[in-house]
Every structure is written in structure tokens, then in C-alpha cells.
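Written out below as C-alpha cells is the structure these notes cover.
FYI, it's all coordinate maths here, none of it is from the lab. Just so it is clear, the model here is predicted, and its values are computed rather than measured. No Cβ is skipped: glycine too gets one built from the backbone with ideal geometry, and neighbour counts run over all protein chains shown.
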Amino acid sequence: MIHLKNVNKEFNGRIILHNINLNVEKGETLAIIGASGSGKSTLLRLMIGLLQPTSGEVWIKDTEISQLPEIDLDKIRLNMGMVFQYSALFDSMTVGDNVAFGLKEHTKFTSEKIQQVVQEKLKLVELEGFEAMMPNELSGGMKKRISLARAIAFEPEIVLYDEPSSGLDPIMAAKIDELIVNTQQVLGVTSVVVTHDMNSAFHIADRIAMVYDGELIAIDDVDGIKNSQDLRVREFIHGTIKPIKRRQTHVDRS
Ligand SMILES: Nc1ncnc2c1ncn2[C@@H]1O[C@H](COP(=O)(O)OP(=O)(O)OP(=O)(O)O)[C@@H](O)[C@H]1O
């Protein structure tokens, strides 16, 4: 469903991701773990075409998206929902309008149909009846749930989550995990979840991929990761990670 082939990403000559090869299968939930700054969010942004790789290919289903013009990318993105780390709701719009935003922009749905979809999706995230509220009246966890409702409004085949439970208390974080699992089960979506939270990764993921200093050093099912013999994986999952040493950057400017 998502296929990254020999992907490299540099920012200002600094290597952030190095030779990433990754397949996300249809219907699976892949968690991406790794230390802060290791390149997880960059990987997610490459998957939805918000960033272009310096080299390599990014395939979404049967389309290579890395060089697509924005107009074609928009069509691909209609099949992808993204839940951003800081919810990224429009503060000046009601909850209902936030969830409806993409539907109004990209479909010819009647306002009744849009209303119906908004209610359905709010029900899925257990926030029925919150349509008229404004984002600044909501807690962080509620905003994340609204952001999820907005991401799934189109019933996309792919949902990407960037740190969906960061900044939430453990109970709300568990609730978000439950919604991620529920969304996968109800809509059959393919999900990629960037997270720092190992408990969450173990709970929601079919497979876990670990990024270390811009490299994909492990990808396996939950048991495989729990039993990994790789010291870097063991240190990370047991919370004893050492500061990473960045690779020596070499950019050939010839
Ligand atoms: N647009 C950008 N321009 C320049 N550098 C960037 C840009 N985006 C990310 N970086 C750098 O790339 C590196 C990886 O960032 P990224 O956000 O992917 O890491 P992360 O693993 O998601 O970190 P965190 O867990 O803290 O969110 C960081 O050193 C960051 O400063």
C-alpha cells in the first residue's frame, strides 16, 4: 500500500534519512518508533508528499508520488488522512466545520450529506453533539479526536498519525489508542503511527519499525521487537536510550 524505495532525505546538506526501504501492507498498523530527532516525522511527511525525498521513490498504491505536481498529489491525498502532532484544527471554525472542511472543498455532497458524515465520524470518536463547539473550548485529547474525525471524514484507505497521544494523560492516551484500533477495524484502513510511547506501539501495532539516526534498523512484529537482540532497539524499548551520534554528513557538491 505504501512503499518507500531507497529513500534519502537531506535538509541543507544534512542527512536526515538514509536509504530507507519500507513496505506498509494493506490493512496493517505499522508503528514507527525512535528517539527524538531520529527522522520519524520526516518519514511520515514523505509518505503524504508534504516533503520530497532527496533521492529514492515513494509509492502510494500504484503511483510514485515523489515528483508529482501539487494538483495530482491532492488527488492522492484524498485517499489519505493525517492526524498531526498538534491537532492542526482551524481555531476560527466550529468542530463541525473542521470535520466537514475537506468534504466541502473536495466533494459535491449536499449539506445534509456532509452533516450526516460529520455526525457519523464524531460518533466514531465518541464526541457526538460537539459540532457547535470551538477548538479552544476543547481539551488536548478532544482536539486529537476531532483531528482523527477530520482525517477519516473521506473514509481514506490510509491514515497517518504523528504522535497521536503526546501531551495526553495516560487515560486519554489509552483512549486514542483504542480509537486507532477501532478505526482500523471499522474502516479497514492502513495505518502508520509515529510514537514515542512503547506501550502504545505494543498495543496498536501489527508491526513496529525503528528509526535510529536516520536509518531503519529494525522492522518486525511486536514479539520480534520485544525480543530483538539489537542493543539499540533494546535500549530504546527499555527506556535507556543513549544520545544519538549524528552520522558525519557528506554532500558531494561537484
Ligand atoms: N523542514 C526542515 N528543515 C530542516 N531540518 C528539518 C526539517 N524538518 C526536520 N528537520 C530536522 O530533521 C531531523 C529529524 O526531524 P523529525 O521531526 O523527523 O524527527 P522525529 O524523529 O520525528 O523527532 P520528534 O520525535 O522529536 O518529533 C531533526 O534534526 C530536525 O531538526
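Going from the fewest other Cβ atoms within 10 Å to the most, the residues Ile217, Ile225 appear in the order Ile217, Ile225. Estimated from the Cβ-Cβ distance and a Förster radius of 25 angstrom, the FRET efficiency linking Glu112 and Gln85 is about 0.15.
Taking every DSSP bridge with both residues inside the chain, close to 55 percent are antiparallel. With 0.36 nm allotted per residue and the present C-alpha distance subtracted, the Leu50-Phe101 stretch has 16.5 nm of extension available. Potential lengthening of the chain between Ala174 and Lys26 amounts to 50.8 nm, from the contour at 0.36 nm per residue minus the alpha-carbon distance. Near the amide H of Ile16, within less than 5 Å, lie the amide hydrogens of Lys9, Glu10, Phe11, all on another chain or at least 5 residues away, with H placed in the peptide plane. Among Ile33, Ile20, Ile171, the largest mean-square fluctuation in a Gaussian network model of the chain (Cα springs under 10 Å) belongs to Ile171.
The angle separating the long axis of helix 95-106 from the principal Cα axis of greatest extent in the chain is about 80 degrees.
If we count GluC sites (Glu not before Pro) as exposed when they sit in a DSSP loop and have at most 14 other beta carbons within 10 Å, what is the longest stretch of the chain that avoids them all?
129-254
Normalised by 2.2 N^0.38 Å, where N counts its residues, the alpha-carbon radius of gyration of the chain equals 1.03.
Where in the range 204-226 is the amide nitrogen less than 16 Å from a point lying 7 Å along the Cα-to-Cβ axis of His238? Correct set: 225-226. Candidates Gly102, Val193, Asn182 compared by Cα position along the dipole of the chain: farthest toward the positive end lies Val193, with charges placed on Cβ. Applied to the range 131-141, the Karplus parametrisation 6.51 cos²θ - 1.76 cosθ + 1.60 on θ = phi - 60° returns per-residue 3J(HN,Hα) values of 3, 7, 6, 9, x, 6, 8, 10, 6, x, x Hz, with x for Gly and Pro.
What's the FRET efficiency of Asn19 with Asp220 using the Cβ-Cβ distance as r and R₀ = 25 Å, to the nearest 0.05?
Working: r = 19 Å, r/R0 = 0.75.
Working from the Cβ atoms, E equals 0.85.
Cα-Cα over 20 Å: which of Lys144/Lys175; Lys26/Lys61; Lys5/Lys75? Result: Lys5/Lys75 exceed 20 Å. Stretching Gln229 away from Thr63 to a fully extended chain increases their span by 56.2 nm, per 0.36 nm per residue minus the current alpha-carbon distance.
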